[in-house]
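The values are calculated or read from the model by the stated rules, or taken from the named source; none is laboratory data. Quick caveat: nothing in here was measured; it's all calculated off a predicted structure. Note that each Cβ is placed from the backbone with ideal geometry, even for glycine, and that neighbours are counted across all protein chains shown. Side chains included, ligands, DNA and RNA excluded: accessible areas come from the protein's heavy atoms. Shrake-Rupley method; radii C 1.70, N 1.55, O 1.52, S 1.80 Å.
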Amino acid sequence: MSDYELVCGLETHIELSTKTKIFCSCTTEFGGDPNTHCCPVCIGLPGTLPKLNKKVVEYAVMAGLATNCEISPVSKMDRKNYVYPDLPKAYQISQYDMPLCKNGYVELSNGRKIRILRIHIEEDAGKLVHQRGSTYVDYNRGGVPLIEIVTEPDIRSIDEAREYLERLQLVMRFLGISDCKMQEGSMRCDVNVSVRPQGTEALGTRTEIKNMNSFTHMAKAMEYEVNRQIDLLQSGEKVVQETRRYNEEDDCTESMRGKEDAHDYRYFREPDLVTIQVSGETVARLREKLPELPHQRLERYRAEFGIPEADAQQLIKYRRIAEYFEAAIDGVQNPKIVANCMIGQMFSRLNGDSAKESFQVNVTPENLNALVKLLDAGKIKMNLLKATLEKMLDTGKAPGELISEADMGGVDADALKSACEQAIASNPNAVSDYLSGKEKALKAILGSVMKATRGRADATEAEKLLIQLIQGTNAK
């Protein structure tokens, strides 16, 4: 591929988290028995009239503001005509020449800006279900509101495509306008791929890979398609403009149909919906509602709190986790302690990204905050904090219910020395291993000290004392 350059643009469809559909009052809830979340409007029965959901427009404007777009003061809806079984009207209500948002960008970590040509609103289609040689249609998804975010052909690598999509997903989740669950189809993208000789400016013939709903599959499909196109060009053949699908079993792309151009859809203005007008006051109001965006929060965590970038990335990946962290650090001296508690002990109890997204843990941010403030005040040591947090995660109790006043008193010098001497006497094998050069053996002895003192001893002081006592005994 060194002689060729990838040129890629993405068309990302994101289902909006409104309670009702874009043109009717049917629920947008995922799932349900087939064809139970639909009505005469969203299945397009004759004589029905659509009515635009105001919240859809507001969510789309927020998406545009968060991606540096211009918001069109006037836009309209159009009919996009084509005959597919998952659209019973034989047309889709979308936007064509007057989209709601335009001329934005998403900046990548390498500093490159992926330009956004447009963001427009439209209705989703139904779903085809293939079973035992037959095809069934479920119209539950039909009429669910979408935004389609279309980039310019600015992406130059598979890694850039993935990062752009991940950043877009993160922003939409922080805005609260979509859960962007690719596995449920609430975020999916069409990938437009072409190649050209390195150093040339003319665009090659593109193919479109439809409905990618996995980062991994998108990367594999792009890699296959790039290599397929290069092989064609090097063999003296031409790339045909077409729509293709990714075949997971064979790890390849397959032709579906010739790629349509805009004129093939015979766009015309939707006669049953009025012009959309977005005032400057509305834009200002929605801009005020925008939360601190993920990249802004990442920089703040690094600059203000000294949290390493890898840890900060984990804290901002889901909005609930970021909000929990913000609540838990209120008034604490070192927010890194809170971050370590969450990423270490809390995350270890969560199985997979879906669990992190919901972030259902037994410890409230207020209780974690109270626990860390005990450490700040010098009333407990780090080892007792960790042990108490484990109990809090098990029981949901507040730290005051698990740590007594005696526990907060620490361990005096005589009691610590006695506990260390007892630990040395009880672990002769570990002592021998340590004296023979196995430094990790000291941890086993230290564990006995911490158990005996119920975690109240200072682990650093105890370790130093153990070394002194062991070396002193050995010298005799």
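Candidates Arg167, Arg162, Arg173: the one that is free of Cβ contacts under 8 Å to residues at least 60 places away in the same chain, under 21 Å from the mean Cα position of the chain (by Cα) and part of a helix (DSSP H, G or I) is Arg162.
Within the stretch 266-278, is there a residue that is on the phi > 0 side of the Ramachandran plot and either open to solvent by less than 70 Å² (accessible area, probe 1.4 Å) or under 27 Å from the mean Cα position of the chain (by Cα) (or both)? Spell out the reasoning first.
Initial filter on the stretch 266-278 (on the phi > 0 side of the Ramachandran plot): 266.
Keeping just the survivors that are either open to solvent by less than 70 Å² (accessible area, probe 1.4 Å) or under 27 Å from the mean Cα position of the chain (by Cα) (or both) gives none.
No, because not a single residue in the stretch 266-278 is on the phi > 0 side of the Ramachandran plot and either open to solvent by less than 70 Å² (accessible area, probe 1.4 Å) or under 27 Å from the mean Cα position of the chain (by Cα) (or both).
Where helices (runs of 4 or more DSSP H) fall entirely within the stretch 383-430, those with at least 3 residues that are at pLDDT below 85 are at 405-408, 413-426. When the criteria are applied in full, Met212 fails the requirement of being closer than 27 Å to Cys180 by Cβ and at pLDDT below 90. Taking every residue in the stretch 85-110 that is among the β-branched types (Val, Ile, Thr) and pairing it with any residue that is open to solvent by less than 10 Å² (accessible area, probe 1.4 Å) and part of a loop (DSSP other than H, G, I, E, B), at least 6 positions away or on another chain, the pairs with Cβ-Cβ distances below 8 Å are Ile93/Ile22; Ile93/Met77; Ile93/Glu270; Val106/Thr67. Residue under question is Thr253, and the condition is that it be open to solvent by less than 50 Å² (accessible area, probe 1.4 Å) and either without any contact (Cβ under 8 Å) to a residue 60 or more places away in the chain or in contact with a Cys (Cβ under 6 Å, 6 or more places away or on another chain) (or both); does it hold? Yes, satisfied.
Take the conditions at pLDDT below 95, in contact with a helix residue (DSSP H, G or I) (Cβ under 7 Å, 6 or more places away or on another chain) and either closer than 18 Å to Arg454 by Cβ or of a type in the set (Ser, Thr, Tyr) (or both) and apply them to Leu374. Does it pass?
yes
A single member of Glu29, Glu11, Glu58 is of a type in the set (D, E, K, R) and part of a strand (DSSP E or B), and it is Glu11. For the stretch 40-56, a residue qualifies if it is open to solvent by less than 30 Å² (accessible area, probe 1.4 Å) and free of Cβ contacts under 8 Å to residues at least 60 places away in the same chain, and exactly one does: Gly44.
For the stretch 230-250, taking the residues that are more than 26 Å from Met187 (Cβ to Cβ) and not hydrophobic (A, V, I, L, M, F, W, C), the one that is least open to solvent (accessible area, probe 1.4 Å) is identified as Gly236. Would you be able to say whether some residue in the stretch 78-98 is in contact with a Cys (Cβ under 8 Å, 6 or more places away or on another chain), modelled with pLDDT of 95 or more and surrounded by fewer than 22 Cβ atoms within 10 Å (Cβ to Cβ)? No, the stretch 78-98 contains no residue that is in contact with a Cys (Cβ under 8 Å, 6 or more places away or on another chain), modelled with pLDDT of 95 or more and surrounded by fewer than 22 Cβ atoms within 10 Å (Cβ to Cβ).
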